[in-house]
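Undergrad: Here it is, the structure, as structure tokens.
The values are calculated or read from the model by the stated rules, or taken from the named source; none is laboratory data. Source: prediction; values computed, not measured. Positions of Cβ are generated from backbone atoms using ideal geometry, with glycine treated the same way; all protein chains shown enter the neighbour counts.
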Amino acid sequence: MNYVGGPQPDEWRQRYGEDDHGIAFEGSAGWVHVNRYRIVAQPASLLDSVIGPDEIQLYRSNHHVRNFLDCVKSRSATICPVDEAVRADIICHLSDIAIRTQRKIRWDPKEEVIIGDAAASRLLTRSMRSPWHL
């Protein structure tokens, strides 16, 4: 995984456009760049792919807040279950730790620890303000 912060390097803008945010997925058949407003791909034909009825279908939601409220009422799963949200959040925190320490870090997702870097590991938690404690 490569984390690219703003301002975006020339290579990023040339490849994905002038967007200052988003996420890019790259594979052997091309790439897809996604943000809140658009999806672009190279080759563009990647966006024309049809997902068949026997293939994995992604949960669709055009409004996450409405989805959450509807799911509270119906007791059904939200588009982003809390376990998946935590996993996504961990990536953001680990990226921040790597940037702050200015080095690569190794993460053990099963044990949820940074491997072999005590200084980086200390950044996983912080002291709680009184009177809060665990």
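Undergrad: Does GLY17 satisfy being more than 18 Å from the chain's Cα centre (by Cα) and on the phi > 0 side of the Ramachandran plot?
TA: Yes: the conditions hold for GLY17.
Undergrad: Also, quick follow-up: On the given criteria, is ALA118 modelled with pLDDT of 90 or more and out of contact with any strand residue (DSSP E or B) (no Cβ under 8 Å at 6 or more places or on another chain)?
TA: Taking the combined requirement at face value, the residue satisfies it.
Condition check ((1) assigned to a loop (DSSP other than H, G, I, E, B); (2) in contact with a strand residue (DSSP E or B) (Cβ under 8 Å, 6 or more places away or on another chain); (3) over 27 Å from ARG36 (Cβ atoms)) across all residues:
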position: ASN62; (1), (2), (3): yes, no, no
position: ILE91; (1), (2), (3): no, no, no
position: LEU94; (1), (2), (3): no, yes, no
position: ILE97; (1), (2), (3): no, yes, no
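Undergrad: Something else: Can you go through LEU46, LEU124 and tell me which one is surrounded by 12 or more Cβ atoms within 10 Å (Cβ to Cβ), in a helix (DSSP H, G or I), in contact with a strand residue (DSSP E or B) (Cβ under 8 Å, 6 or more places away or on another chain) and not charged (D, E, K, R)?
TA: Only one candidate passes the filter, namely LEU46.
Quick grid of which residues meet (1) without any contact (Cβ under 8 Å) to a residue 60 or more places away in the chain; (2) surrounded by 10 or more Cβ atoms within 10 Å (Cβ to Cβ); (3) in contact with a Leu (Cβ under 9 Å, 6 or more places away or on another chain):
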| position | (1), (2), (3) |
| --- | --- |
| GLN14 | yes, yes, no |
| ASN35 | yes, yes, no |
| PHE68 | yes, yes, no |
| VAL86 | yes, yes, no |
| ARG100 | yes, yes, yes |
| PRO109 | yes, no, no |
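Undergrad: Inspect all residues belonging to segment 27-39 and state whether any of them is over 29 Å from TRP12 (Cα atoms) and at pLDDT below 85.
TA: Among the residues of segment 27-39, not one is over 29 Å from TRP12 (Cα atoms) and at pLDDT below 85, which makes the answer no.
Undergrad: A follow-up question, please. Working only within segment 106-115, note down all residues that are closer than 15 Å to THR125 by Cβ and among the β-branched types (Val, Ile, Thr).
TA: Scanning segment 106-115 gives VAL113, ILE114.
Undergrad: Taking the conditions exactly as written (of a type in the set (Ser, Thr, Tyr) and modelled with pLDDT of 90 or more), does SER45 satisfy them or not?
TA: yes
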